[in-house]
1. Quick check on Glu75: is it outside the structural domain of Ala9 (by TED's automatic domain parsing), out of contact with any helix residue (DSSP H, G or I) (no Cβ under 8 Å at 6 or more places or on another chain) and modelled with pLDDT of 95 or more?
2. Note down all Cβ pairs under 6 Å where the first residue falls in segment 41-61 and is modelled with pLDDT of 95 or more, the second is among the acidic types (Asp, Glu), and they're at least six residues apart or on different chains.
3. Filtering segment 86-133 down to residues that are among the polar types (S, T, N, Q) and under 20 Å from Ala69 (Cα atoms), which residue is surrounded by the fewest Cβ atoms within 10 Å (Cβ to Cβ)?
4. Residues in segment 63-84: is at least one over 17 Å from the mean Cα position of the chain (by Cα) and among the acidic types (Asp, Glu)?
5. Any residue in segment 117-130 that is in the same structural domain as Ser68 (by TED's automatic domain parsing) sitting within a Cβ distance under 9 Å of a residue that is exposed (fewer than 15 other Cβ atoms within 10 Å of the Cβ) and hydrophobic (A, V, I, L, M, F, W, C)? List the pairs, counting only those 6 or more apart or interchain.
6. Give segment 7-24 a look and list any residue that's out of contact with any Lys or Arg (no Cβ under 8 Å at 6 or more places or on another chain) and not in a loop (DSSP other than H, G, I, E, B), or say none.
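The values are calculated or read from the model by the stated rules, or taken from the named source; none is laboratory data. What you are looking at is a predicted structure, and each value in this text was computed from that prediction instead of being measured. Here the Cβ is made from the backbone with ideal geometry for all residues, glycine too, and neighbour counts use every protein chain on show.
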Amino acid sequence: MKITAKQLALSLYESLDGKPTSQVKAVIKRFMELLAKKNQLAKAEKIIAEFLKIWNIRHGIVEAKVVSAKALDKETVKLLKKHIASISEAKEVNISQEVDKKLLGGVVIRYGDKVLDGSLRGSLQDLKSSLEK
């Protein structure tokens, strides 16, 4: 039976859950030794990505990407975090920002498997589609 990166990440998470910081290093070292022994080190990046997803879900953390036409000020980022936290029921929201001049205005927010398109470009495309019908 083939073990997936997600299964390995879940196993690592459960091994670390509740452990004091002093034991974390030893658990990770043993986990890496096991991966090496089973010739699974090539899955390390996928395991880490899956581990982070599991960690974030279990701790109520949402990773969001905000794309805007220009850099956002701190107050706007703060409001976006609050909005994303309220609609996703997250305890904490981490935002990475990207500037895309093609948007014209507004923002596109991506978190989890959701996309909120509040861009001027997206609104114009929606308007065009509705007019074509």
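1. Values: outside the structural domain of Ala9 (by TED's automatic domain parsing): yes; out of contact with any helix residue (DSSP H, G or I) (no Cβ under 8 Å at 6 or more places or on another chain): yes; modelled with pLDDT of 95 or more: yes.
Taking the combined requirement at face value, the residue satisfies it.
2. The qualifying pairs are Ile61/Glu92.
3. Of segment 86-133, the ones among the polar types (S, T, N, Q) are 86, 88, 94, 96-97, 119, 123, 125, 129-130.
In the following step, the residues that additionally are under 20 Å from Ala69 (Cα atoms) were identified as 94, 96-97, 119, 123, 125.
On the way: Asn94: 14, Ser96: 10, Gln97: 14, Ser119: 21, Ser123: 14, Gln125: 12.
Residue satisfying both the conditions and the ranking: Ser96.
4. Within segment 63-84, one or more residues are over 17 Å from the mean Cα position of the chain (by Cα) and among the acidic types (Asp, Glu).
5. The qualifying pairs are Ser119/Leu104; Leu120/Leu104; Arg121/Leu104; Leu124/Leu104.
6. Gln7, Leu10, Ser11, Leu12, Glu14, Ser15, Leu16, Thr21, Ser22, Gln23, Val24
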